[in-house]
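What follows is one structure encoded as structure tokens, with my remarks underneath.
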Amino acid sequence: MTGAAGGEDRRPRVAVLISGRGSNMAALLEAAADPSYPARIALVLSNRAGAAGLARAEAAGIPVAVVESRGHKGDRAGFEAAMQAVLEAHRIGMIALAGFMRVLTEDFTRRWEGRMLNIHPSLLPAFPGLDTHARALAAGVRLHGCTVHLVSAGVDEGPILAQAAVPVLPGDDEAALAARVLEQEHRLYPAALAWMARWLGGYGEGRLPAMARIAAGATAMLAPATGALANPLPSLAALPTEKA
């Protein structure tokens with residue numbers, strides 16, 4: 001694979017893991033189609049053979065793979081070992097979970113510590129888990145949104161990298177609120193993955209810093225001068241390239 005200048009493409013190789021339609025995957029693919037984007041989507045992997053996102057990835061020319069979770073029922077270690085074999089075969093350096101509806105074991109998350117991101121449809125730590133939009137409406141919150149975080153052993157508990165907020169409007173139902181949040185997800189995830197790929201670019205796999213330092217460094221790059229994360233997002237071109 002050659003880069004924009006004709007040399008070897010040294011961008012981090014990212015696998016996007018999906019279970020369904022892959023709308024966030026599509027946003028990542030669109031962003032990564034730009035040769036200047038600092039990460040390369042090298043694989044889309046699904047735990048469901050019928051996931052609609054697989055066809056979208058193939059149409060974009062991205063290699064795809066399936067490791068059926070139902071074929072490893074009751075054997076999470078076997079399922080994750082099969083996934084790991086595929087990831088290694090494709091020389092993957094980072095993982096982006098995009099609607100991947102499986103809880104990963106501590107062993108797998110430790111193996112990918114600091115190199116696996118997830119996007120969650122709430123302003124964590126509020127509303128971890130499922131049914132976030134319905135729960136936000138039931139709680140009567142006035143702000144809702146999405147979060148990109150590093151993946152840890154606890155569900156939706158990893159260090160937060162970036163968030164985008166949307167108002168909860170009078171008359172909102174679950175579908176309307178979900179659509180407003182999803183629009184921000186499609187903006188936030190490509191930016192956060194780009195920043196992480198840029199920040200981690202100088203580290204070899206065997207000498208990554210601790211997860212807390214990765215989160216602190218990436219968040220420092222994400223934050224504008226005020227120290228608060230922004231929505232709308234700052235321009236990627238305006239961000240520093242040095243590690244924090």
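The values are calculated or read from the model by the stated rules, or taken from the named source; none is laboratory data. Not measured: the values here are computed from a predicted model. Using ideal geometry, Cβ is built from the backbone for each residue, glycine included, and neighbour counts are taken over all protein chains shown. Please note that ligands, DNA and RNA were not included when accessible areas were found on the heavy atoms of the full protein model with its side chains. Shrake-Rupley method; radii C 1.70, N 1.55, O 1.52, S 1.80 Å.
Residues being outside any helix (DSSP H, G or I) and open to solvent by 40 Å² or more (accessible area, probe 1.4 Å) are entirely absent from segment 179-189. Which of the residues belonging to segment 76-114 are over 16 Å from the mean Cα position of the chain (by Cα), outside any helix (DSSP H, G or I) and more than 19 Å from residue 49 (Cα to Cα)? Residues satisfying the conditions are 91, 105. Scanning segment 103-149 for residues that are polar (S, T, N, Q) and in contact with a Lys or Arg (Cβ under 6 Å, 6 or more places away or on another chain) yields one hit, 105. Would you call residue 143 under 18 Å from the mean Cα position of the chain (by Cα) and of a type in the set (A, V, I, L, M)? When the stated conditions are applied, residue 143 does not pass them.
Looking across segment 133-178, the residues that are not hydrophobic (A, V, I, L, M, F, W, C) and not in a loop (DSSP other than H, G, I, E, B) come down to 133, 135, 144, 145, 147, 149, 163, 167, 174. Residues in segment 110-156 that are crowded, with 20+ Cβ neighbours inside 10 Å and polar (S, T, N, Q) were compared, and the one that is farthest from residue 14 (Cα to Cα) is 132.
With respect to the conditions (1) within 24 Å of residue 29 (Cα to Cα); (2) modelled with pLDDT under 95, residue 74 lacks only one, and its number is (1).
Of all the residues in segment 74-95, those that are under 25 Å from residue 12 (Cβ atoms), among the aliphatic types (A, V, I, L, M) and in contact (Cβ under 8 Å) with a residue 24 or more places away in the chain number 6.
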